[in-house]
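Here's the structure, in structure tokens; my notes come after.
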Amino acid sequence: MNTYQIPRPEHPNPQWERKNWVNLNGEWLFEMDRGASGENRGLQNADTLSGKITLPFCPESSLSGVGCKDFMLQVWYKKVLTFTEDDLSGKRVIFHIGGADYETKVWVNGTLAGLPHIGGYTSFEYDITKLLNVGENIITISCYDDTRSPMQPRGKQSEVYESKACDYTRNTGIWQTVWYEIVPESYIKYARIIPDLENVSVSINTELCGRGDLSAEVFYEGRKVGEASKKNLSVTGELEIKLSEKHIWELGHGRLYDLILRFGSDEVKSYFGLRKVEMQGMKFMLNGKSVFQRLVLDQGYYIDGVITAPTEDDLIRDIQCGLDAGFNGARLHQKVFEPRYLYHCDRMGYMVWGEYGNWGIDYSNLAGVANYLPDWLSAVKRDFNHPSIIGWMPFNETWDYGPQAKRCDPRFINIIYSQTKILDPTRPCVDASGNYHVVTDIFDVHDYEQNYTLFKEHYDRLYKENDLYDRVGKVRQCWNGEPVMVSEYGGIGFQLENNGFAQGRKGNWSYGKAAFSFEEFYERYEALTTAILDNPMMCGFCYTQLTDVEQEKNGLFNFADRSPKFDMAVISRINKKKAAIEE
């Protein structure tokens, strides 16, 4: 398949790009395995499968060419790859999967490439060099995905056949780009990039395979602004680079530095942004200035790709929609977004909170930590270097689980929060957005109250009486003076005679009573939003939501084509009003 015919042909991770890579998106052999018996039947050793699929799209999507909406307990993929003697001589082949839901195994010529990968949201890879032959090689992948298991996070995937309320179409198996790299025997496995705004410098901490000399060069708009090197390193290597020019990453201005890392004959292209985030009292500080977080909830769903953007332009368009509406960032909700999306946030100066698709896991059972923690920490490690990410939210609304309403074990939340802070102490972490807070850097609340007078009265108590209104009750969580933000509100439905909303009819869903005119919508939107902006103890808001998603009709933009449902000049004016905490 020619490059121009390959879906999502761009490199999947602009922060870690080598020249010698091959995109494997496009046509693969495919088979649904509803009884999860394929391994017993020997599909890993079969020469072919019964159907075909187009990657990187999940089989539920129309773009995959499969379009099956029913449950698929297991799915299989197969493709023949050809390697030359030059490809394999003195080199390594690293096979990457950008995301696959949920338990993934990879075979090369019938032999397992390594342990199964557990988790539906993050990238993973295998060194398959020793399993390859010169000539043709068969790659086989299986993905086991029990969406209804209490030991498996599912995010917003519906647990019943149809989509309903705020649960949507499922995404089984591979849903992000598949590719491989050919690297030298000695190569750089990972680099953590830590910018230092005050000292105009950057630290680079690398994980290395093999032995060699490590060097780094930093450029800004083509000009070399720093370099460093060390000789004869192995396992790890650290470089400190003083920058000769200071260019600050800030809202609306990415100002990214280009970075080239070399280790022996290995070369990796990356980048970083010079910025600092911190909390000071009740304020969120960006580069030493109080910045109010004007965020919008973005779930990253697409009508034809499900949770995979059909094109790179779709990623850019979603960010631009947020900017056009006057938001300065987004809360990336119930899904780990792809690095390519984060790259565009980085370059456009759009701040985001990284989240995980936690719904579906039984928080009352500490055994679930074994499935949850590795995939979440993998996301934090992978995306650490993105300047646009200004905080982490590993959980969203940890409601009591199951028909017996088993209570969330606070130790579950505490373990994930603590490990997140160990891995990344540079950003704030909200332990469980909305509820139930155990230990958190920001105490956020979710409130879809549509009566804006009552909404304002509730939260005015924060600065008038030093008392935070909490709709889930103070028995389960208690505010102890942490910074506060309303990280979900609004969700206003909109119903006109000709717009097809018809709340309550055929599954269309929103929060509370819909607005029945543009005037009513704008009045409610402004009153709810201004109540937060005018509160001198609030550091941010997140409006629900950027777009409609399937039957959930409370977006500012339409689902299918991202066309605006409202006058974005009006919405932008409301959102950009100066916040009291910014004074």
Only one of these conditions is not met by N385: (1) under 17 Å from E103 (Cα atoms); (2) crowded, with 18+ Cβ neighbours inside 10 Å. Which number is it? (1)
Residue check: is Y180 in a loop (DSSP other than H, G, I, E, B) and either in contact (Cβ under 8 Å) with a residue 12 or more places away in the chain or in contact with a strand residue (DSSP E or B) (Cβ under 9 Å, 6 or more places away or on another chain) (or both)? no
List every residue pair whose Cβ atoms sit under 6 Å apart, with the two residues 6 or more apart in sequence or on different chains, where the first one lies in segment 146-161 and is under 17 Å from H117 (Cα atoms) and the second, anywhere, is outside any loop (DSSP other than H, G, I, E, B). T147/Q157; M151/G368; M151/N371
What's the number of the only condition in (1) open to solvent by 40 Å² or more (accessible area, probe 1.4 Å); (2) in contact (Cβ under 8 Å) with a residue 12 or more places away in the chain; (3) at negative phi that F292 fails to meet? (1)
Considering only segment 356-406, state which residues are assigned to a strand (DSSP E or B) and either of a type in the set (S, T, N, Q) or touching a helix residue (DSSP H, G or I) at 6+ places or on another chain (Cβ under 9 Å) (or both). I389, W392, F395, N396
Working only within segment 319-339, note down all residues that are crowded, with 22+ Cβ neighbours inside 10 Å, part of a helix (DSSP H, G or I) and out of contact with any Cys (no Cβ under 9 Å at 6 or more places or on another chain). C321, G322, P339
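Suppose we filter Q545, Q551 for residues that are surrounded by 19 or more Cβ atoms within 10 Å (Cβ to Cβ) and not hydrophobic (A, V, I, L, M, F, W, C); which single one remains? So that I can check it myself, show each step before the final result.
On the way: Q551 fails: surrounded by 19 or more Cβ atoms within 10 Å (Cβ to Cβ).
Going through Q545, Q551 in turn, just one is surrounded by 19 or more Cβ atoms within 10 Å (Cβ to Cβ) and not hydrophobic (A, V, I, L, M, F, W, C): Q545.
Counting only residues that are surrounded by 17 or more Cβ atoms within 10 Å (Cβ to Cβ) and in contact (Cβ under 8 Å) with a residue 60 or more places away in the chain, give me the strands (runs of 3 or more DSSP E) lying completely in segment 1-86 with at least 3 of them. Walk me through how you get there before you give the answer.
Numbers: elements: 21-23, 26-32, 51-55, 74-83.
Where strands (runs of 3 or more DSSP E) fall fully within segment 1-86 and carry at least 3 residues being surrounded by 17 or more Cβ atoms within 10 Å (Cβ to Cβ) and in contact (Cβ under 8 Å) with a residue 60 or more places away in the chain, they are 74-83.
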Residue that is farthest from Q551 (Cα to Cα) [pool: residues in segment 148-173 that are of a type in the set (D, E, K, R) and outside any loop (DSSP other than H, G, I, E, B)]: D167
Single residue of G305, G357 found to be buried (at least 23 other Cβ atoms within 10 Å of the Cβ), closer than 19 Å to G99 by Cα and touching a Gly at 6+ places or on another chain (Cβ under 6 Å): G357
Yes or no: G120 more than 25 Å from W359 (Cβ to Cβ) and either modelled with pLDDT of 95 or more or touching a strand residue (DSSP E or B) at 6+ places or on another chain (Cβ under 6 Å) (or both)? no
Return the total of residues in segment 442-468 being in contact with a helix residue (DSSP H, G or I) (Cβ under 7 Å, 6 or more places away or on another chain) and open to solvent by 50 Å² or more (accessible area, probe 1.4 Å). 3
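The values are calculated or read from the model by the stated rules, or taken from the named source; none is laboratory data. The model shown is predicted, which means the values in this text are computed figures rather than measured ones. When we count neighbours, we look across all protein chains shown, and the Cβ atoms used for this are built from the backbone with ideal geometry, even at glycine. Note: areas computed on protein heavy atoms with side chains; ligands, DNA, RNA excluded. Shrake-Rupley method; radii C 1.70, N 1.55, O 1.52, S 1.80 Å.
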